[in-house]
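A.B. asks: Shown below is the structure under consideration.
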Amino acid sequence: MKLMPCPVNGSRPVSEFVYWGELRPAPDAASCSDAQWADHVFNRNGAPGVKREWWCHTPSNTWFIAERDTEKDRVLRTWLPGGAE
């Protein structure tokens, strides 16, 4: 069974989690062009490597950030938003 470390609940089965996307800085909606906004919404970096992603532990509704190596399929670390990175 594959486990995922939750920063609140410890290691849990990966089936208890939902992936919500890569953590990416958004452009300023008030000053960016339509093309810049469309690029942010529709284009993603699919190259394998280390990424920061939003995840949710659904039984406890705990949202957190995971740093994950998508090439090796390994979770490097997890933390709560606003917590120590």
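A.B. asks: Quickly run through segment 1-15 and pick out the residues that are free of Cβ contacts under 8 Å to residues at least 60 places away in the same chain and surrounded by 12 or more Cβ atoms within 10 Å (Cβ to Cβ).
C.D. replies: Answer for segment 1-15, where residues must be free of Cβ contacts under 8 Å to residues at least 60 places away in the same chain and surrounded by 12 or more Cβ atoms within 10 Å (Cβ to Cβ): Leu3, Asn9, Arg12, Val14.
A.B. asks: May I pose another question? Please go through segment 42-62 and give me each residue that is at pLDDT 95 or above and among the aliphatic types (A, V, I, L, M), ordered by number.
C.D. replies: The one that is at pLDDT 95 or above and among the aliphatic types (A, V, I, L, M): Val50.
A.B. asks: One residue is enough: does segment 30-39 have a residue meeting the conditions surrounded by 12 or more Cβ atoms within 10 Å (Cβ to Cβ) and within 24 Å of Gly10 (Cα to Cα)?
C.D. replies: no
A.B. asks: Output yes when any residue across segment 55-74 is without any contact (Cβ under 8 Å) to a residue 12 or more places away in the chain, farther than 16 Å from Tyr19 by Cβ and either surrounded by 12 or more Cβ atoms within 10 Å (Cβ to Cβ) or of a type in the set (Val, Ile, Thr) (or both), and no when none is.
C.D. replies: Taking every residue of segment 55-74 in turn, none turns out to be without any contact (Cβ under 8 Å) to a residue 12 or more places away in the chain, farther than 16 Å from Tyr19 by Cβ and either surrounded by 12 or more Cβ atoms within 10 Å (Cβ to Cβ) or of a type in the set (Val, Ile, Thr) (or both).
A.B. asks: Another question about this same structure. Among the residues of segment 46-60, is any out of contact with any Lys or Arg (no Cβ under 7 Å at 6 or more places or on another chain), closer than 10 Å to Pro7 by Cβ and among the aliphatic types (A, V, I, L, M)?
C.D. replies: no
A.B. asks: Next question. Restricting the first residue to segment 16-28 and requiring it to be within 15 Å of Thr70 (Cβ to Cβ), which pairs with a second residue that is in a loop (DSSP other than H, G, I, E, B) and among the basic types (Lys, Arg) meet a Cβ separation below 9 Å and a spacing of at least six or different chains?
C.D. replies: As it stands, the answer is Gly21/Arg44; Glu22/Arg44; Arg24/Arg44, since those pairs meet every condition given.
A.B. asks: Something else about it: Need a quick list: strands (runs of 3 or more DSSP E) entirely within the chain having at least 2 residues that are among the aromatic types (Phe, Trp, Tyr) and under 11 Å from the mean Cα position of the chain (by Cα).
C.D. replies: In the chain, the matching strands (runs of 3 or more DSSP E) lie at 17-22, 50-57, 62-69.
The values are calculated or read from the model by the stated rules, or taken from the named source; none is laboratory data. Every value quoted in this text rests on a predicted model; they were computed, and no experiment measured them. Positions of Cβ are backbone-derived with ideal geometry, glycine not excepted, and every protein chain shown enters the neighbour counts.
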